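The values are calculated or read from the model by the stated rules, or taken from the named source; none is laboratory data. Since we're looking at a predicted model, the values are computed, not measured. Positions of Cβ are generated from backbone atoms using ideal geometry, with glycine treated the same way; all protein chains shown enter the neighbour counts. Areas reflect the complete protein model, heavy atoms only, side chains present, ligands, DNA and RNA absent. Shrake-Rupley method; radii C 1.70, N 1.55, O 1.52, S 1.80 Å.
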Amino acid sequence: MTAFPYPVRPAGDRERVRGNDYRVLRPPAGFEPTLRVSVVVPAYGGQDKLDLVLAALARQSYPAELIEVLVVDNGSSPPLRLPEERPRDTRLIVCGTPGRASARNAGLAEASGDVVHWLDSDVLLTPGAIEAHMRWHHAAPYLVVTGYIRFTDAPVPAELPDDLEQAFEPAEPHGWIVELVERTGGLTDNPQRPFSLHVGGATSVGARLVEAAGPMDEDLILGQDTELGYRLAQAGAVFVPEPAARAYHLGPTMRMRDKEPIDRVSHAFVADRIPAYRWLRSHPGRQWKVPYVAAVVDGTAGYESVRSTVDALLAGTVPDVEVVVVGPWDTLDRDRRAPLRDPALDLVLVHGHYLHDGRVRLATAADVDPAVPYVLRLPPGWVPGEDSLARLLDLCRDEGYGLVNVLLHESPDGVVAARLERVAAFARARVVLEPGEDLDDAVDDVSGVTWVEGETYGFGAEPAEIPGRRSAHRARTEARAEAERLAKEAERLRAQVTKWRDEAARWRKSAVELRREVGTLRRQLAAANRAQQGLRVLVATTVRRALNRKNRT
């Protein structure tokens, strides 16, 4: 695969990468290594392969004093041991809870490095692989770097060869990663899901990112790498493919052997946790563990105003939404003797109206799960149209914006606006934010900010009539029936047009034949006229000759 060029520019913690275009960073070729890396190797059996993996780590060009290796024995029988050839700072940890996610988390808990490098126990790194990873991590602290793994069918050797390429080629590349990287210009062309690059075979992550995103989800059966990659993206990560970080996988992966069964199991679980996988959320009314968008509404603005806004959000064309209504619910004390004179009556009504709605969360602060990709902050009393939220989300996603401001009202007293925020862009902006800098300005740098007219996107100040499910179903049924009727009518008309075309073709053929017959008749008539004219001349000549003979006699 071709390495992607990047312009020369000073690197540092405050570098502004827009979207996933990491080319603004320039990893120094002759950098001075200062960052420590923790290599986490979960293992279950396979002592012969593990020996080779550790030998390959011992031969890395990155300084040995900056590498620690954490081998996690995940219940092997017999227990794993550390071979003689290994990095000098190598520890063996035992994790009794089965599963690769549990083993990785056990290693992560012991890791002390600035960078965490996931490595499978059957992946052999080429000598310069870790150095190629760490060159990027010295350029910025919010990177996820993935190397290029090739899958070999060569027999497992007893000792690590000096030349891995000579020993293990020909080998098969990681096809879908190569295709993803090439299709997106090296993940720089505003890819929708760059986190798919986070695979556990040979990927390194800034430790601060992992701390922000959290450990691997041990409840997942499969798909833990991708799910953590999604949370790393939400924490502000930039994903970098590094062709110089090469490795060989001893044999095919489980996914290469059983892709369809693995997808079946993985998709059943990750749909709840990765809202970006929209095709897994095709059901029109389901609720999910992590919603696609959270809408935050101030619940103290009056019952009618709050209800008009919340109800419109719940009735929109984006069912995958959670509405967070913020208010002092923990201090609410209802007046049961004179409820109509209760000064907090509107809060009581809002609380009671939405307390048992599964898509509404009554919160005391405007906190949203950081795994939610989008947050809409909407002033109460402003009513989105049925498709308003969907259109804003399309704009934000398609153009890669980190913030879409919606102008609702402007007056001498100021501006009333709604905000659609992309959580990942705000997380990245906080990483690079300078002291005293406005957060929105940093978001503009890393992702882009725009303004739109609320009226253009269907926002209004009057409550809209919300169709019920039954009436919406009836309208869809009637529309479907009308569409079928129109389709049949269109088919009938197409058949009629075809019939008319056939008749027209016959008429054209008949007209051609008729013109031919007319032409023949005209020629015959002309010949008859010529013959008649000749006959007249002959008769006249004969008569004159007869008269002349009679006169002479």
Report the residue count in region 400-417 for those that are crowded, with 21+ Cβ neighbours inside 10 Å and in contact with a Gly (Cβ under 7 Å, 6 or more places away or on another chain). 3
Could you identify the single residue in 266, 305 that is of a type in the set (Ser, Thr, Tyr), farther than 30 Å from residue 221 by Cβ and surrounded by 16 or more Cβ atoms within 10 Å (Cβ to Cβ)? 305
Of everything in region 166-219, what is on the phi > 0 side of the Ramachandran plot, in contact (Cβ under 8 Å) with a residue 24 or more places away in the chain and among the small types (Gly, Ala, Ser)? Give them in sequence order. 185, 186
Given (1) under 25 Å from the mean Cα position of the chain (by Cα); (2) at pLDDT below 95, index of the condition residue 410 fails: (1)
Tally, over region 374-400, of residues that are in contact (Cβ under 8 Å) with a residue 12 or more places away in the chain and out of contact with any Phe, Trp or Tyr (no Cβ under 8 Å at 6 or more places or on another chain): 14
Matching option when the condition is in contact (Cβ under 8 Å) with a residue 60 or more places away in the chain, under 21 Å from the mean Cα position of the chain (by Cα) and open to solvent by 40 Å² or more (accessible area, probe 1.4 Å), among 224, 287: 287
When you look at residue 524, is it outside any loop (DSSP other than H, G, I, E, B) and open to solvent by less than 80 Å² (accessible area, probe 1.4 Å), yes or no? no
Residues within region 163-184 that are assigned to a helix (DSSP H, G or I) and within 16 Å of residue 146 (Cβ to Cβ), tallied: 9
From the options 261, 252, 191, 215, residue that is open to solvent by 70 Å² or more (accessible area, probe 1.4 Å) and at pLDDT below 90: 261
Just checking, how many residues over region 48-107 are open to solvent by 40 Å² or more (accessible area, probe 1.4 Å) and among the acidic types (Asp, Glu)? 5
Can you pull out every residue in region 335-366 that is under 19 Å from residue 301 (Cβ atoms), loosely packed, with under 13 Cβ neighbours inside 10 Å and not hydroxyl-bearing (Ser, Thr, Tyr)? 343, 352, 355, 365
Of the conditions (1) assigned to a loop (DSSP other than H, G, I, E, B); (2) surrounded by 22 or more Cβ atoms within 10 Å (Cβ to Cβ), the single one that residue 130 does not satisfy is (1)
Which pairs do you get when a residue that is basic (Lys, Arg), found in region 510-524, comes within reach of a residue that is surrounded by 10 or more Cβ atoms within 10 Å (Cβ to Cβ), reach meaning Cβ atoms under 9 angstrom, with the pair 6+ apart or on two chains? none
Close pairs (9 angstrom Cβ cut-off, 6 or more residues apart or separate chains): closer than 14 Å to residue 306 by Cβ in region 337-349, outside any loop (DSSP other than H, G, I, E, B) and among the basic types (Lys, Arg) anywhere: 349/307
Within region 290-322, count every residue that is in contact with a Ser or Thr (Cβ under 6 Å, 6 or more places away or on another chain) and over 25 Å from residue 348 (Cβ atoms). 0
